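Below: the structure, in structure tokens.
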Amino acid sequence: MEIISVNITKGGCGKTTTVQMLGEILGKKYKKKVLCIDTDPQCNLTTVSGIDPMECQEHNLYTLLKKENNLSECIVKSTYYDIIPGSFLLAYADTEFNMRGREYLLKESIKDANYDVILIDTPPSLGLLNIMSLTTSTKIIIPTECSYLAMIGLDQLTNTIESVRRHSNKMLEIAGILLIKYNARTNLNHAVLNGLEKMAANLHTKVFQHKIRETVKIREAQSQQEPLLDWDASCSAVTDYLGFAEELNKSIVN
């Protein structure tokens, strides 16, 4: 079972959309059994998956980590994947979970999960929820915009990854860097791409060949809580994510 964290410390870099699209594509096209986990207190993945966080207040990731519910009680079915909904109470995770070994809480909570792939959406911070996610994961995908600030966020994340590898998950692998909102016609995007390729080489990973173009169709589908694959299967983002999923799927154990 692959457990893939989609992670970067800057907001607006497409973490939630990437988890959503991978969940849809791996579930629908590749017929994989997929579980998504929403660790972001904003609960965006939960919402775009067609689930109201307020209706899951007694069965969500927070109650799972608190051991108030077991794993099966906290899993909700979406169209093409299952999901453990997020909770607004996760905002207090750093102070709420202050016991020794707390970085292993998520890993222990999902140890009995029976899925081909688990995808974890993470908050844009370097707090406990991020550490839990990285400790649990076999791989990490780093989505990033082609911007200088996103490169700073990537640099911050790599320090955290190295710390996690030293202390709680020495097998964590960076699957690659995924470019979001990419425009091949701008000089800035080319310049940042060159910088990211150098950073990727230093991290012994790669920039994925497939890059995600920006389209309003993503926001339209998410605002209606509809799978993007069903909303507009011909839009550029779907085409790009299908190519990316195929590229990623080659490294996922069948």
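The values are calculated or read from the model by the stated rules, or taken from the named source; none is laboratory data. Please read all numbers here as calculations on a predicted model, not as lab measurements. A quick note on method: Cβ atoms are made from the backbone with ideal geometry, for glycine too, and the neighbour counts reach across all protein chains shown. Accessible surface is based on the protein model in full, side chains and every heavy atom, while ligands, DNA and RNA are left aside. Shrake-Rupley method; radii C 1.70, N 1.55, O 1.52, S 1.80 Å.
Structure notes:
- Residue pairs whose Cβ atoms lie under 9 Å apart, separated by 6 or more positions or on different chains, with the first residue in region 159-187 and under 17 Å from E2 (Cα atoms) and the second assigned to a loop (DSSP other than H, G, I, E, B) and among the basic types (K, R), are I174/K206; A175/K206; G176/K206.
- In region 218-237, the residue that is surrounded by the most Cβ atoms within 10 Å (Cβ to Cβ) out of those that are within 12 Å of K28 (Cβ to Cβ), in contact (Cβ under 8 Å) with a residue 40 or more places away in the chain and more than 17 Å from the chain's Cα centre (by Cα) is L229.
- Taking (1) of a type in the set (S, T, Y); (2) under 30 Å from T186 (Cβ atoms); (3) touching a helix residue (DSSP H, G or I) at 6+ places or on another chain (Cβ under 7 Å) in turn, S109 satisfies each apart from (2).
- Close pairs from region 34-48: first more than 12 Å from Y81 (Cα to Cα), partner among the small types (G, A, S) and open to solvent by 10 Å² or more (accessible area, probe 1.4 Å), Cβ under 6 Å, at least 6 apart: P41/A91
- Pair list, Cβ < 6 Å and 6+ apart or interchain, from region 118-147 residues that are under 20 Å from V207 (Cα atoms) and small (G, A, S) to residues that are open to solvent by 10 Å² or more (accessible area, probe 1.4 Å) and at pLDDT 95 or above: S137/I3
- Unique match (being under 14 Å from the mean Cα position of the chain (by Cα), under 22 Å from A237 (Cα atoms) and not in a helix (DSSP H, G or I)) among G86, G23, G12, G50: G12
- Sole residue being closer than 24 Å to L203 by Cβ, over 16 Å from the mean Cα position of the chain (by Cα) and open to solvent by 10 Å² or more (accessible area, probe 1.4 Å), chosen from E103, E108, E55: E103
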